[in-house]
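The values are calculated or read from the model by the stated rules, or taken from the named source; none is laboratory data. What you see is a predicted model; the values in this text were computed from it and never measured. A quick note on method: Cβ atoms are made from the backbone with ideal geometry, for glycine too, and the neighbour counts reach across all protein chains shown.
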């Protein structure tokens, strides 16, 4: 009888694994928790994409609720996301800061000249150091940053109408309201 | 009209599968031979109609029927014809169809080649294969039919993903699927044996050539995949421990263990539960692989579709197949202790140790693959497990495995005389130690423990395999004769040497590759590993469905011309996707590998130069393994014994008829 029970071990192991696989189906791999949520933007000092002389630091991004968008010319999903960012930029809801991630300066500038530039400022992160500090999984990736320069939310993948309306916009409005309150006091 | 015929034909195939899964089993239960024999025509029918629907899908691709959604998404009128055909298995729906087709091929093959086996047993095997076919065909028809139509009909197709437009794609998935699905046959044999309650050595002997065949295809599929990743993805790597790669590697590890366990069961009637369990595991891991790839639970460069409803269906199939078979195993597995006795120093022990090591190695890969999911499901955050984990855990286990792998072929069944092993293996051990210790110093003069261990164990496996070959071919009077060696022994020797060759390749390329990212343009030259690379010019090349900028790089060594490399940067017209096509000069001891990156100025490009020593050995090794497998599978024993089995079975039948 004891021997018989041993023969059930594989079945039990499999059932346990099945439970995890089942749970795994309902997890969204794009929904990555950032270790940085609730923490300030990592300190950096990088050149502006369009201008070698102009240095941008993490301090430059404070003051307003903003969207930090990691992009590159080598990334096909960024091209897909681009028209929607252009629309957002025209609506003028919040500044969009671009992080040009592991890219070539000339290529990036040419791309923006051709397709339009939705970014208030573009940070040139050539060797991906800032991306590494942010824990970027892959482009495109976006971060909602509040007026104190604290990262509030990260979204991996291209932003579209649905994501913006359902997830990002409500948070932006909440953060902007908080910023106003802060400014008043 | 034509695509609907394909759909209809698939449904008819499903109907055949339903009949095949029930009629022969009813026949077995009612002891009605007439019903049992229906298994054969039903298998051929199932195969024929599924084959027909594959042909129809291929035809829709060939005539550019973009009203079929799957064709519109994966083809384009400008796509060369052989890629159109290969696009049949280039996406989710089509690769499922191909999966089912491969399964029906195996079923038909089992029906065809099993004339000599016990009729009831084969009927059970075919019924089990039909059950699996039902599951996947239903999945395809209900959630992802490749024959769905589009309206309005698009003028042009979206084109096949450029990454997949390559000879690698034409052969890699079919091989891999035939391998994956091939383990369904050993699974079906194991289940049929459990159903019949006769776990004897006859079952193991029948199952062995099928297991070998599946293993050969899987070996081929994996190494083609690795080769494809090497030259097509342009990363210059050959193995990434990506979830999808792991998904094909795990069944291979277990399949390898199964191959060896089956030998023991056949020859010594031992390890019967092991063999059954490994058969179940090998196929379960194939299913798990399908689940991982098709459900998108793990993100990977390979994932085609991420759709929870599809994932749910596959999980259900996985649960039914694996849960059902493990339950059957728990109730029916033999409780009896094996009658075969063996001592610690015996071939049985060696094979058992190797099997355990292979299973543990597979377990570590499984753990690493599913760990991110596990942590996530327990709400402990998101992590990813990368190559450092796999290298740190997998490599040491495999190194230990190689030590036993050298002993196995040199040791006797049951027990070995004391001192015999030492006498045989002392020379190989000395050779391995010397070669291993010298290897890193010969390569670059620096101490490197991994190179020592890698080259050392590979030499050990080679030397001890040759020692075993020597013993097999040597007559008692001291003369040598190759005729003394059976085909399965020859196969073992070739395959084991293949492992050694691959290990040398893997070790060298992992430790001595040199890579350099540089800016290059006309007139610029660079040095790497003693070679001089002169960038001559950039040419514009027009392909059938792309345009490319092609660098012309002349390679010289010590002033002498070596080769002209032509790396491409391709722009595919339809998907507006850029692809790099590496320029490779291959050699037995080194590859020179150049990829063109982004343009840095009007004439200059970012170029990556690679020097990859011994990288070809990886794939030469797997060719050895496959050839070894073919020899082992074609061993005379399977044929002659089958005939005698058949005549015995006939005699039995005749007896029954007269009784």
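Here are some notes:
- Matching residues in the stretch A:122-165 - criterion: being under 17 Å from residue A:43 (Cβ atoms) and surrounded by fewer than 19 Cβ atoms within 10 Å (Cβ to Cβ): A:127, A:128, A:129, A:132, A:133, A:135, A:148, A:149, A:150
- Put simply, of B:469, B:437, B:458 the only residue that is more than 27 Å from residue B:363 (Cα to Cα), surrounded by 19 or more Cβ atoms within 10 Å (Cβ to Cβ) and in contact with a helix residue (DSSP H, G or I) (Cβ under 7 Å, 6 or more places away or on another chain) is B:469.
- Here the stretch A:64-83 is the region considered, the condition is being under 24 Å from residue A:179 (Cβ atoms) and under 15 Å from the mean Cα position of the chain (by Cα), and the residue that is nearest to the other protein chains (Cβ to nearest Cβ) is A:70.
- Unique match (being surrounded by 18 or more Cβ atoms within 10 Å (Cβ to Cβ), at pLDDT below 85, farther than 30 Å from residue B:579 by Cβ and facing chain B (nearest Cβ under 8 Å)) among A:32, A:61, A:27, A:21: A:21
- For the stretch B:386-409, the count of residues that are within 14 Å of chain A (Cβ to nearest Cβ) and at pLDDT below 80 is nonzero.
- If you go through the stretch B:323-359 and keep only what is within 14 Å of chain A (Cβ to nearest Cβ) and at pLDDT 80 or above, you end up with B:323, B:324, B:325, B:326, B:327, B:328, B:329, B:330, B:331, B:332, B:359.
- Looking only at the stretch B:574-604, residues that are more than 19 Å from residue B:232 (Cβ to Cβ) and either touching a residue at least 60 places away in the same chain (Cβ under 8 Å) or within 30 Å of the chain's Cα centre (by Cα) (or both) come to 8 in all.
- Filtered residue count, the stretch B:1-38, keeping only those that are free of Cβ contacts under 8 Å to residues at least 40 places away in the same chain, assigned to a helix (DSSP H, G or I) and within 15 Å of residue B:119 (Cα to Cα): 5
- Of the residues making up the stretch A:64-87, those that are crowded, with 21+ Cβ neighbours inside 10 Å and farther than 30 Å from residue B:601 by Cα are A:65, A:66, A:67.
- Unique match (being touching a residue at least 12 places away in the same chain (Cβ under 8 Å), farther than 30 Å from residue B:616 by Cα and within 15 Å of the chain's Cα centre (by Cα)) among B:284, B:201, B:279: B:284
- Residue ID - nearest to residue A:180 (Cα to Cα), chosen from residues in the stretch A:84-104 that are free of Cβ contacts under 8 Å to residues at least 60 places away in the same chain, away from chain B (no Cβ under 14 Å) and in contact with a strand residue (DSSP E or B) (Cβ under 9 Å, 6 or more places away or on another chain): A:95
- Enumeration of residues in the stretch B:527-547 that are part of a loop (DSSP other than H, G, I, E, B) and farther than 17 Å from residue B:595 by Cα: B:530, B:543, B:544, B:545
- Breaking point among (1) in contact (Cβ under 8 Å) with a residue 60 or more places away in the chain; (2) in contact with a strand residue (DSSP E or B) (Cβ under 7 Å, 6 or more places away or on another chain); (3) under 30 Å from residue B:603 (Cα atoms), for residue A:142: (3)
- Enumeration of residues in the stretch B:33-77 that are buried (at least 20 other Cβ atoms within 10 Å of the Cβ) and in contact with a strand residue (DSSP E or B) (Cβ under 9 Å, 6 or more places away or on another chain): B:57, B:60, B:61, B:68
- Some residue of the stretch A:107-119 being crowded, with 19+ Cβ neighbours inside 10 Å and within 14 Å of chain B (Cβ to nearest Cβ): yes
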